[in-house]
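Structure, as structure tokens:
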Amino acid sequence: MHELAITQGILSVVLEAAEAARARRVLAIDLIVGALTGYVDDSIRFYFDLLSQGTPAEGAILRIRREPGQGHCQTCGATFRVEPPLCPTCPFCDSPQIQITGGARCFVERIEVDDEDEHTGSEGDPPGE
């Protein structure tokens, strides 16, 4: 259910950016989702399709890229990959002095928009020429 709120936020960011760019339509969105967020890709897609109906983002392609979790040991200095469920100690030295340094973010990385006018001919050209 957390995906509903995060998807509302994503759509808000996308629509604000599209409006600022004076875009007619949003074509695609590249989204980065950290492995430690707990968000489910299919749920984000489901809510996006539902919430974007009737907006310039309706029908946009939602590309989700997973960012791996990362930890750093403050005792031995090792950097290592982390996945849920989190281990409370460093896999190299067993120290409990670890800090999570990556994989907890969720953000819009890129938005592709269609900002061309519907009129494709040159001004003054009769229709069909």
Practice item. Can you tell me the dipole magnitude for segment 1-112 around its Cα centre, using point charges on the Cβ only (Lys, Arg +1; Asp, Glu -1), in Debye to the nearest 20? Key: 240 debye
Review point. Mind listing the phi-derived Karplus ³J(HN,Hα) values for segment 29-35, rounded to whole Hz, using 6.51, -1.76 and 1.60 with θ = phi - 60°, and x for any glycine or proline?
Key: 9, 9, 10, 9, 10, x, 5
Review point. Taking amide H positions as placed 1.01 Å from N in the peptide plane, with prolines and chain starts having none, which residues 5 or more places from LEU62, or on another chain, fall under 5 Å of its amide H?
Key: ILE29
Revision key, fill the gap. Distance in nm between ARG105 and GLN74 label points, each 7 Å along Cα→Cβ, equals 2.2 nm
Practice item. Kindly report the accessible area of the chain per residue (heavy atoms of protein chains, probe 1.4 Å, no ligands, DNA or RNA), in Å². Key: 65 Å²
Check your understanding: Isolated Cys in the chain by the 4.7 Å beta carbon test?
Key -> CYS87, CYS106
Revision key, fill the gap. Rounded to one decimal in nm, the spacing of the 7 Å Cα→Cβ label points at ARG65 and ASP41 is 1.3 nm
Point to revise | Relative contact order (%) - criterion: Cα under 8 Å, at least six apart; region: the chain | key: 34 percent
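The values are calculated or read from the model by the stated rules, or taken from the named source; none is laboratory data. Please read these numbers as outputs of a predicted model, since none were measured by experiment. FYI the Cβ positions are ideal-geometry reconstructions off the backbone, even for glycines, and counts take in every protein chain you see. Heavy atoms of the whole protein, side chains included, go into the accessibility calculation; ligands, DNA and RNA do not. Shrake-Rupley method; radii C 1.70, N 1.55, O 1.52, S 1.80 Å.
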